[in-house]
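Below is one structure, written out as structure tokens, with a few remarks after it.
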């Protein structure tokens with residue numbers, strides 16, 4: 001090796017310290033996830049987020065990079081969650097006209113679903129005698145991740161743990177949704193979509209959009225309304241309990 | 001594209017300011033969402049540049065969740081020690097939430113034969 005070239009490990013140190021590596025790995029893993037999703041005809045089990053998170057985690061373990069270093073770079077992607085939350089106003093606005101006459105039932109369904117989500121998750125953990133931090137992390141999990149993390153801070157839960165539960169819930173909802181909805185014999189797309197959005201926020205919504213446009217629109221509505229109401233009601237509920 | 005992104009960031013920043021100084025218990029982006037919705041309702045249409053950027057971001061929403069979820073690594077010992085309970089809680093909760101939400105709609109909404117339906 002010529003002496004004026006930097007040794008390979010120096011390049012490695014440079015790459016690992018800059019945001020480039022974290023960003024490339026994140027985008028690459030997600031691109032891989034979406035192509036697998038497309039190749040399998042959008043099979044619910046081939047969820048692109050699930051694939052991306054597994055691939056990134058394995059890469060971090062393999063190259064021994066701490067999560068803190070990774071998030072330093074990946075925060076540029078993470079930051080856009082806030083912008084995405086603001087953008088939710090667009091599908092809500094587009095669905096606004098078709099809402100007339102349905103607002104009441106949608107709100108009732110949202111409140112019933114939101115309460116069910118909290119009670120069942122916390123209930124199962126308490127029955128199993130699991131760690132208290134876990135139950136607290138579950139409270140905001142059905143709310144879309146950027147809002148859930150904000151709510152988690154308000155109620156002194158760990159935002160990261162809440163995000164992990166939120167994403168797992170999203171993936172589970174996207175995977176199981178079809179079977180649950182068929183089991184409950186709920187057929188209209190707007191009802192199916194809304195239920196998916198309320199229970200499993202952004203990931204359920206992407207899934208709904210990939211199946212039927214009206215399901216997608218109502219899923220974003222369910223996710224958006226759950227986000228707004230959850231942000232207001234969950235901290236109040238926790239202060240009261 | 002830049003105009004759309006700029007306007008979305010303006011609403012996000014406005015939401016952040018309102019949250020910080022007026023209603024600290026609501027996350028800034030949620031207030032940004034409400035402000036943007038109010039703006040769209042007042043305007044009666046979605047400006048094309050906001051639509052292009054906003055809908056583009058929402059289409060790839062999944063990607064934005066990846067960095068936070070990789071945090072699963074930090075909680076691995078805690079999660080593994082409670083794996084059964086955590087998985088049970090997540091599965092029971094998501095099944096119950098979807099079922100309760102959908103059944104509430106099915107029971108309360110008037111049946112409309114014009115609704116598009118799943119096969």
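The values are calculated or read from the model by the stated rules, or taken from the named source; none is laboratory data. As the structure is a prediction and not an experimental result, all values here were calculated from the model. Here Cβ is always computed from backbone atoms with ideal geometry, including for glycine, and neighbour counts include all displayed protein chains.
Kindly indicate whether any position in the range A:206-214 is at the interface with another protein chain (Cβ under 7 Å from one of its Cβ atoms), closer than 22 Å to residue B:60 by Cα, at pLDDT below 90 and under 14 Å from the mean Cα position of the chain (by Cα). I'd like the intermediate steps shown before the answer.
Here is the first cut: in the range A:206-214, the ones at the interface with another protein chain (Cβ under 7 Å from one of its Cβ atoms) are A:206, A:214.
Filter again for closer than 22 Å to residue B:60 by Cα, leaving A:206, A:214.
Keeping just the survivors that are at pLDDT below 90 gives A:206, A:214.
Okay, now just the ones that are also under 14 Å from the mean Cα position of the chain (by Cα), so A:206.
Within the range A:206-214, one or more residues are at the interface with another protein chain (Cβ under 7 Å from one of its Cβ atoms), closer than 22 Å to residue B:60 by Cα, at pLDDT below 90 and under 14 Å from the mean Cα position of the chain (by Cα).
Among the residues of the range B:1-47, those that are surrounded by 14 or more Cβ atoms within 10 Å (Cβ to Cβ), more than 9 Å from chain A (Cβ to nearest Cβ), touching a helix residue (DSSP H, G or I) at 6+ places or on another chain (Cβ under 7 Å) and farther than 17 Å from residue A:232 by Cβ comprise B:4, B:7, B:14. Residues in the range A:76-109 that are in a helix (DSSP H, G or I), in contact (Cβ under 8 Å) with a residue 60 or more places away in the chain and closer than 14 Å to residue A:144 by Cβ: A:81, A:82, A:84, A:85, A:89, A:91, A:92. Of all residues being out of contact with any strand residue (DSSP E or B) (no Cβ under 9 Å at 6 or more places or on another chain) and in contact (Cβ under 8 Å) with a residue 24 or more places away in the chain in the range A:177-191, which is surrounded by the fewest Cβ atoms within 10 Å (Cβ to Cβ)? Just the residue, please. Filtering the range A:177-191 for residues that are out of contact with any strand residue (DSSP E or B) (no Cβ under 9 Å at 6 or more places or on another chain) and in contact (Cβ under 8 Å) with a residue 24 or more places away in the chain, the one surrounded by the fewest Cβ atoms within 10 Å (Cβ to Cβ) comes out as A:178. None of A:106, A:99 is more than 7 Å from chain B (Cβ to nearest Cβ) and either surrounded by fewer than 16 Cβ atoms within 10 Å (Cβ to Cβ) or on the phi > 0 side of the Ramachandran plot (or both) except A:99.
Listed here are the residues, each with its yes/no results for (1) under 17 Å from residue B:96 (Cα atoms); (2) out of contact with any helix residue (DSSP H, G or I) (no Cβ under 7 Å at 6 or more places or on another chain).
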| position | (1), (2) |
| --- | --- |
| A:124 | yes, no |
| A:129 | no, yes |
| A:132 | no, yes |
| A:144 | no, no |
| A:152 | no, no |
| A:157 | no, no |
| A:163 | no, no |
| A:184 | yes, no |
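Scanning the range B:56-83 for residues that are at the interface with another protein chain (Cβ under 7 Å from one of its Cβ atoms) and surrounded by fewer than 16 Cβ atoms within 10 Å (Cβ to Cβ) gives no hits. For residue B:108, the criteria (1) modelled with pLDDT under 90; (2) out of contact with any strand residue (DSSP E or B) (no Cβ under 9 Å at 6 or more places or on another chain); (3) more than 27 Å from residue A:67 (Cβ to Cβ); (4) at the interface with chain A (Cβ under 7 Å from one of its Cβ atoms) hold in every case but one, which is (1).
Residues of the range A:106-122 being out of contact with any helix residue (DSSP H, G or I) (no Cβ under 8 Å at 6 or more places or on another chain) and either outside the structural domain of residue A:228 (by TED's automatic domain parsing) or under 17 Å from residue A:157 (Cβ atoms) (or both), which ones? Result: A:119, single match.
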